[in-house]
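Readers should treat all values here as calculations from the given coordinates under stated rules, not as data from a laboratory. These numbers were taken from a predicted model, which means no experiment stands behind them.
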Amino acid sequence: MTKPTFSQRMGLEPLEKELQLKSMDNRLRIGLWNCLIRFSERADGYYAKYCVKYRELFLRESWSDFFGKRLDELSSFDRFPEKLQTHFFNFKWNQVYDFFEFLFRVQPGLSIYKGFENDINEVLKKESSAYRCVDGNFIPITDDIELKAIEEASDGKKTLSEPSEHIKKAKKLFSDRESPDYHNSIKESISAVESICKVITKEESITLGDALKKMEEEGTIDLHPALSKGFSSIYGWTSDEGGIRHSMKFGEGSDVGLEDAKFMLVAASAFVNYLKEKAIRAGISIEA
């Protein structure tokens, strides 16, 4: 935790800033700009070593695809940083995040990106942003434990590919700042849990409710009855006639909101990780 300043100890400034959910103050914007500068310095070395022409290709893609500008309007790409700075500091708060996500999409395989993401998250945390960067997407998660659960569940190397794909889809639907789809994010979250249960029970057509019941009754894994019942109830909420998967009630314009989708994304991610570890401990093969 950051040590309080003199002004904070004297009560002249608040100990904590309000979370910036639909805004971006100057310190946060400058911090992210500095991340971009540091990234550019590291990237220049990468480009020089591996691909001399890559930097210009990236700049051309940014200018044409992200900014929607004519390529012949930029006579020299040496002037691009100057033009980028002008745009960056005139962006709306959400466009700043859009641009960073664009950077990750342009070349997702670069090894330097992980350090870039860590650098971004340090700034987001320090400046009280309500977002964190996970796999190149900015999602409104502020708790480090929640963030770690989502990262692990969406990592195909640490869990099965099908559950991780469902979590990735849920995360993407949840994190769309222009038109978040909380309804379908919840569906993908619960599908992640259902898919890992199918692997554990070795039954492709089994539902989550039946899978949890089977694991509990047969003692397939050490699953506490109360925990099984709790997630079965959540599944019931998403699956009954008035629930997420089938209802008109939870369709467009419904009361399903950020807090519902966030709960399901975090809970499903944690439960996927939990079931995976329980299965491994019980000696159950969970390879896809």
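Past the 18 Å Cα-Cα mark, which pairs from 22/168; 198/278; 125/148; 114/278; 92/171; 92/169? Display every interim value, and only then the final one.
On the way: 22/168 23 Å; 198/278 14 Å; 125/148 14 Å; 114/278 29 Å; 92/171 23 Å; 92/169 26 Å.
Over 18 Å apart, Cα to Cα: 22/168; 114/278; 92/171; 92/169.
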Task: Cut-off under 5 Å, modelled amide H: who pairs with residue 20 long-range - done: 129, 130
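Taking 0.36 nm per intervening residue step and subtracting the Cα-Cα distance, what contour gain separates residue 67 from residue 217 on full extension?
Taking residue 67 through residue 217 to full extension adds about 48.2 nm, to one decimal.
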TODO: Report the extension gain between residue 161 and residue 87 in nm, rounded to one decimal, defined as 0.36 nm multiplied by the number of residues separating them, less their alpha carbon distance.
DONE: 22.8 nm
Task: Whole-Hz ³J(HN,Hα) from phi, Karplus 6.51 cos²θ - 1.76 cosθ + 1.60, for the stretch 211-220, glycine and proline x - done: 5, 4, 5, 5, 4, 5, 5, 8, x, 4
